[in-house]
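J.: Quick one: the structure is below, and I'll ask about it shortly.
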Amino acid sequence: MDSTRVTEQPTSFERPQPGVDPADPRGAFLRSPAPTAGTGAALPAQGRSGGEPPAPGAAAPGGPAPDAADGPASEHSQPGAGPDAEPDAHRPRPAPDGIPVQPADGQGRVDRAPGGAERRTGQVTRPGRPTPMRRDGDRLRFVGAATRRIARGIDLDEIVMGLCRATVPTFSDAILVYLRDPLPVGDERPTGPLVLRLRRTDRIPPERDTEGGGFLPIAPPEQPSELDSVGEELCTVRPGSALAEVLRGVRPVFTDAPAARAALPELLGEEGAAAVPDGQRAVLAPLRGRRRVIGAALFLRRPERIPFEADDLLVAAQLATHSALGIDKAVLYGREAYIADELQRTMLPETLPRCTGVRLASRYLPAAETARVGGDWYDAIPLPGSRVALVVGDVMGHSMTSAAIMGQLRTTAQTLAGLDLPPQEVLHHLDEQAQRLGVDRMATCLYAVYDPVAHRITVANAGHPPPVLLHLGGRAEVLRVPAGAPIGVGGVDFEAVELEAPAGATLLLYTDGLVESRLRDVWTGIEQLREKLAATAQLTGADHPPPLEALCDEVLDMLGPGDRDDDIALLAARFDGIAPSDVAYWFLEPEDAAPGRARRLARRQLSRWGMDELSDSVELLVSEVVTNAVRYASRPVTLRLLRTDVLRCEVGDDVPQLPRLRQARATDEGGRGLYLVNRLARRWGATRLSTGKVVWFELNHG
């Protein structure tokens, strides 16, 4: 090793030299031998990244210092050895963040060697350009800020926008982001050729960047650039093509490389590839997710900007990796959210049924856009005798499990309602079902049955908030219904109460998310709901109830910002009822004369209602249905006609077996009655009761 080379710290095996204090701050400089004549003692200049040669006037490593007559000083010198050397306090000190402070003005420091000769050592920097170590520090800060911005995105668009906003103009003048179309989800294998679609392109002026780490200080020109024309909407990657090879390589590359230059026309088109600046002013970075390449990003700089350097490939690799993994997770999260949302929506009624004597409206709001699954549900189930069951429930929790349990309980409730069980019995069987589903499968439920003929409602409750009844005059009343225990507790009885349901009144069933939050308890919320309903009813007057859909919207408006912690299910029922004058009811003994008597009663009633045009059809259908009922019944058969927007006929008996439609053979003497009903009636059906069954059909009238 050259004896004139300066070492900054002594090695561990170096012996102390006589006359030198080891604690002297000048350290190794005092222990180094004095330079010989004609030999420089300066430290070697720090090289620029990419092997850029030192600027004119800089001393070569280990070489003689330039003479003072060569021009003004342009470098900082390092202290030399010898008794007249300057103290090492003149050396650059590290900045608080650990990055050494480097001079950036291009002017060096002149050291005076013994004898008055000037010696310039150190590094020369070009005016307006940071030193290599300064740029390296800025790169680290930029990568940190950019990855934080990318990581803040949740969905696909936010992540891609974060990548674009983080890189333009801090890292590049323009960026083009291509993604697979369609994007594969999780472990699924993509089918068909690899197609890249231009997802986003950004060319943002620097004044819009709010998180710059900005190690590119030159602003873009105001004139339009050739970069504005770069980019094609779709690109099909052919197997074995240059673009396929670049994407398979995964690593970012400069586009002046032969493989990348050949890939550009395939990605951007011939015109777009021609607009890409020459030299190292474009970087093509493949975006690789967990298992496969999902796209590519192209970073571009204008010709007047400094070109990319080798270290910028590492920056591009970091940006591409973070973006690709974020996109992968966003697509997977989006698929899971879609499945959860579809599960929730499928388990809720798609449309509410049109029931006689009652109008219905509903609303459902998830707890948040990022958590769209929950256990709240509502339902309206038509029952025999023109009745309707109104159900609202809430399974504890906000997860896929809660939604699955909700679906099972809702299906069970529909099945029990089809058996025409009393409300308290329905809740009892739901409680047993919840216990069979597992431990801690808790839910609240309110089950009500409305009879439009009797103008009565029967309600049973299982730990649910009580319903609110809005009367026609504008008075809102919280119904006094026994609370009961939640479903799933087991070993408890449920009690049903029967209440008046006057025509024009509105019953509101809801889940606790509407009335309970962190800002208020449930009873305070119920009182606010009652006041909101009363205030809304005052707007339409005492004789006109508020429109049902508008009423639901007004109820939801009582929720303020940040006042919703739970999902909300809302079911509103407007009781129109059926007037006694629109109902005719008879009992028929199970004898051979019953069908003839039924025909005469039906014709007489239709004449009173002014519906003689339906007499022939009604007589034929009533005769067939009553004949089937009398054939097997042991108790009186019921016949009821109801006049609403349609004419409805109901025939009940004590036989639980439901009739089935079948095609009679030519030699059969019977079996054609239901075939006639199916052909002539608007619609028909049969429902099993606890005491038998009801067969009904409907006909349109003018």
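The values are calculated or read from the model by the stated rules, or taken from the named source; none is laboratory data. This is a predicted model, so every value here is computed, not measured. Glycine gets a Cβ as well: all are built from the backbone with ideal geometry, and neighbour counts include every protein chain shown. All accessible areas refer to the heavy atoms of the entire protein, side chains included, with ligands and DNA or RNA removed. Shrake-Rupley method; radii C 1.70, N 1.55, O 1.52, S 1.80 Å.
J.: Those residues that are open to solvent by 20 Å² or more (accessible area, probe 1.4 Å) and in contact with a helix residue (DSSP H, G or I) (Cβ under 9 Å, 6 or more places away or on another chain), I need them from the stretch 445-464; list them, please.
T.: Hits for the stretch 445-464 are Asp451, Val453, Thr458.
J.: OK, next. Do we have any residue at all in the stretch 569-580 that's open to solvent by 50 Å² or more (accessible area, probe 1.4 Å) and farther than 30 Å from Tyr510 by Cα?
T.: The answer is yes, given that some residue of the stretch 569-580 is open to solvent by 50 Å² or more (accessible area, probe 1.4 Å) and farther than 30 Å from Tyr510 by Cα.
J.: Continuing with this model, one more query. Where in the stretch 455-528 are the strands (runs of 3 or more DSSP E), entirely inside, with at least 1 residues that are under 21 Å from Ala573 (Cβ atoms) and in contact with an Asp or Glu (Cβ under 7 Å, 6 or more places away or on another chain)?
T.: Result: 456-462, 468-470.
J.: Considering only strands (runs of 3 or more DSSP E) fully contained in the stretch 597-702, which possess at least 2 residues that are closer than 28 Å to Ala579 by Cα and open to solvent by 70 Å² or more (accessible area, probe 1.4 Å)?
T.: Fully inside the stretch 597-702 and qualifying: 683-689.
J.: Between a residue in the stretch 682-702 that is under 11 Å from Gly652 (Cβ atoms) and small (Gly, Ala, Ser) and any residue that is at pLDDT below 90 and not in a strand (DSSP E or B), which pairs come within a Cβ distance under 8 Å, given they are 6 or more apart or on different chains?
T.: Pairs found: Ala686/Leu658; Ala686/Pro659; Gly692/Pro656.
J.: Look through the stretch 506-535, keep the residues that are open to solvent by less than 50 Å² (accessible area, probe 1.4 Å) and free of Cβ contacts under 8 Å to residues at least 60 places away in the same chain, and return whichever of them is nearest to Arg475 (Cα to Cα).
T.: Of everything passing the filter in the stretch 506-535, Gly525 is nearest to Arg475 (Cα to Cα).
J.: What are the residue pairs meeting all of these: first residue in the stretch 285-309, first residue at negative phi, second residue among the β-branched types (Val, Ile, Thr) and in a loop (DSSP other than H, G, I, E, B), Cβ atoms under 6 Å, and 6 or more apart or on different chains?
T.: Pro286/Val250; Arg288/Val250; Arg305/Ile218
J.: Which of (1) at pLDDT 90 or above; (2) among the charged types (D, E, K, R); (3) touching a Gly at 6+ places or on another chain (Cβ under 7 Å) does Asp566 not meet, given it meets every other one?
T.: (1) is the only condition that Asp566 fails.
J.: Would you mind finding the one in Leu352, Leu365 that is touching a residue at least 40 places away in the same chain (Cβ under 8 Å) and among the hydrophobic types (A, V, I, L, M, F, W, C)?
T.: Step by step, each of Leu352, Leu365 is checked, and only Leu365 is touching a residue at least 40 places away in the same chain (Cβ under 8 Å) and among the hydrophobic types (A, V, I, L, M, F, W, C).
J.: Given the residues Val283, Val358, which is the only one that is modelled with pLDDT of 90 or more, β-branched (Val, Ile, Thr), under 30 Å from Gly375 (Cβ atoms) and more than 27 Å from the chain's Cα centre (by Cα)?
T.: Val358
J.: Give the residue that is least open to solvent (accessible area, probe 1.4 Å), with candidates limited to residues of the stretch 472-505 that are over 30 Å from Pro545 (Cα atoms) and of a type outside the set (Gly, Ala, Ser).
T.: For the stretch 472-505, the residue satisfying everything is Ile487.
J.: Please work out if Leu601 is over 20 Å from Asp379 (Cα atoms) and within 26 Å of the chain's Cα centre (by Cα).
T.: no
J.: OK, next. What do you reckon, is Asp440 open to solvent by 40 Å² or more (accessible area, probe 1.4 Å) and modelled with pLDDT under 95?
T.: Answer is yes for this residue.
J.: Tell me, yes or no, whether the stretch 312-328 has at least one residue that is more than 18 Å from Val168 (Cα to Cα), free of Cβ contacts under 8 Å to residues at least 60 places away in the same chain and not in a helix (DSSP H, G or I).
T.: No; the residues of the stretch 312-328 include none that is more than 18 Å from Val168 (Cα to Cα), free of Cβ contacts under 8 Å to residues at least 60 places away in the same chain and not in a helix (DSSP H, G or I).
J.: Given (1) within 18 Å of Ala633 (Cα to Cα); (2) touching a Leu at 6+ places or on another chain (Cβ under 9 Å), identify the lone condition not met by Ala593.
T.: Only one criterion in (1) within 18 Å of Ala633 (Cα to Cα); (2) touching a Leu at 6+ places or on another chain (Cβ under 9 Å) is unmet by Ala593, namely (2).
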